[in-house]
Amino acid sequence: MRYFFHIGYNGTNYSGWQNLPQTRGANVQHVIETNLAKILKSKQGIVGCGRTDAHVHANQFFFHVDISKQWDYDLLFRLNKNLPPDIAVFDIIPVGDRSHARFDAIERTYSYFIHTYKDPHINDLSSCYLEKDLHLDKMKRAASLLMKYEDYSPFTKNIPTDKPTICKVTSAELHTDQNIEHIRFEITSNRFLNGMIRIIVNKLLMIGRGEMSIDEFESILISKKKPSVNRLAYPQGLYLMKVKYPYLDLPTRSPGPLRDL
């Protein structure tokens, strides 16, 4: 029987979701697989809905796993009791045997949180950029352009030339509080490329500082020419907020560090 596990995690202490041989440090997938195997008394290979980079968070994430023997105890409770505090399981959902956590996802939403003053309480949960007088109106205008284009090859890192780079962005918005101390960039698309959101956020900050014009930003999207330097915004501000399937659309359990934006 195949199950979808609905989870969330704080990525501060992890090298990302994916259990890869070349990664250093703990990853979320390995921690969950190890604990599932201990509880179910058999090795379990799980398949996640995507990847997240080191120190990136997920407010909503799904993985699927095939479990042949039905358990006669509260697996949700037992798994949460064994997992570290920074990984939580919200739901265990039986699905069809052909359901796939990664390939069946039709929409993903990410949020990127920024605070513009030093705050030790959210340092690992939001990215600190000590900025003053950002041109937020220009940043918002640039963000709105993202829905006009589909080829995001200029906004990615380490992607093979034969891989598709088309992303159908359906929403891209910038929100801020009254004092411009907290900023949230939210973007929804059918898929995302490696590094894409953090590269976009860095470009939006450049526009906010006056280091890049909106026309220059749009010309990259039009020309599809990758800049010689694509700097990424800090990882800790990035959250996978929501994953949607044709047959499953659950609300996010945790809104993130900036609840009012």
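The values are calculated or read from the model by the stated rules, or taken from the named source; none is laboratory data. Please read these numbers as outputs of a predicted model, since none were measured by experiment. Ideal geometry is used to build each Cβ from the backbone, glycine not excepted, and the neighbour counts take in all protein chains shown.
The residue of segment 107-121 that is farthest from PHE185 (Cα to Cα), among those that are part of a loop (DSSP other than H, G, I, E, B) and in contact (Cβ under 8 Å) with a residue 60 or more places away in the chain, is TYR117. Screening ALA58 with (1) out of contact with any Ser or Thr (no Cβ under 8 Å at 6 or more places or on another chain); (2) not in a loop (DSSP other than H, G, I, E, B) gives one miss only, at (1).
Applying a threshold of 9 Å to beta carbon distances and a minimum spacing of six or more residues, or different chains, the list of pairs starting in segment 4-21 at a residue that is charged (D, E, K, R) and ending at one that is surrounded by fewer than 22 Cβ atoms within 10 Å (Cβ to Cβ) and at pLDDT 95 or above is empty.
Being more than 13 Å from GLN236 (Cβ to Cβ), surrounded by fewer than 19 Cβ atoms within 10 Å (Cβ to Cβ) and among the hydroxyl-bearing types (Ser, Thr, Tyr) holds for only one residue in TYR152, TYR110, TYR117, and it is TYR117. Take ALA54 and tell me if it is under 21 Å from the mean Cα position of the chain (by Cα), surrounded by fewer than 19 Cβ atoms within 10 Å (Cβ to Cβ), more than 30 Å from ASN158 (Cβ to Cβ) and of a type outside the set (Ser, Thr, Tyr). No: the conditions fail for ALA54. Criterion applied to ASP124, ASP91, ASP104 was being in contact (Cβ under 8 Å) with a residue 40 or more places away in the chain, of a type in the set (Asp, Glu) and not in a loop (DSSP other than H, G, I, E, B), and the one residue passing it is ASP91. A count restricted to segment 19-43 and to residues that are surrounded by fewer than 17 Cβ atoms within 10 Å (Cβ to Cβ) and part of a loop (DSSP other than H, G, I, E, B) stands at 10.
Of all residues in segment 147-176, those satisfying the criterion of being under 15 Å from SER111 (Cα atoms) and in contact (Cβ under 8 Å) with a residue 24 or more places away in the chain are THR170, SER171, ALA172, GLU173, LEU174, HIS175, THR176.
Matching residues to (1) closer than 20 Å to LEU205 by Cα; (2) modelled with pLDDT of 95 or more:
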| position | (1), (2) |
| --- | --- |
| LYS140 | yes, yes |
| MET147 | yes, yes |
| LYS157 | yes, no |
| PRO160 | no, no |
| LYS168 | no, yes |
| GLU173 | yes, yes |
| GLN178 | yes, no |
| SER189 | no, yes |
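Only residues that are out of contact with any helix residue (DSSP H, G or I) (no Cβ under 9 Å at 6 or more places or on another chain) and within 24 Å of LYS242 (Cα to Cα) were counted in segment 48-69, giving 8. A residue that is over 19 Å from the mean Cα position of the chain (by Cα), among the small types (Gly, Ala, Ser) and crowded, with 19+ Cβ neighbours inside 10 Å occurs somewhere in segment 207-223.
Residues in segment 143-153 that are of a type outside the set (A, V, I, L, M), part of a helix (DSSP H, G or I) and out of contact with any Lys or Arg (no Cβ under 7 Å at 6 or more places or on another chain): SER144, LYS148. Close contacts from segment 67-86, counting a first residue that is without any contact (Cβ under 8 Å) to a residue 24 or more places away in the chain and a second that is surrounded by 10 or more Cβ atoms within 10 Å (Cβ to Cβ), with Cβ to Cβ under 7 Å and a gap of 6+ residues or different chains, come to LEU76/VAL89; LEU76/ILE92; ASN80/ALA88; ASN80/VAL89.
Per the listing ILE187, ILE200, ILE222, the residue uniquely of a type in the set (A, V, I, L, M) and farther than 30 Å from TYR117 by Cβ is ILE222. With the condition kept exactly as written, say whether any residue in segment 134-142 is touching a residue at least 12 places away in the same chain (Cβ under 8 Å), out of contact with any His (no Cβ under 6 Å at 6 or more places or on another chain) and assigned to a loop (DSSP other than H, G, I, E, B). Scanning segment 134-142 turns up at least one residue that is touching a residue at least 12 places away in the same chain (Cβ under 8 Å), out of contact with any His (no Cβ under 6 Å at 6 or more places or on another chain) and assigned to a loop (DSSP other than H, G, I, E, B). The single condition among (1) touching a residue at least 40 places away in the same chain (Cβ under 8 Å); (2) assigned by TED's automatic domain parsing to the domain that holds ASN158 that LEU250 does not satisfy is (2).
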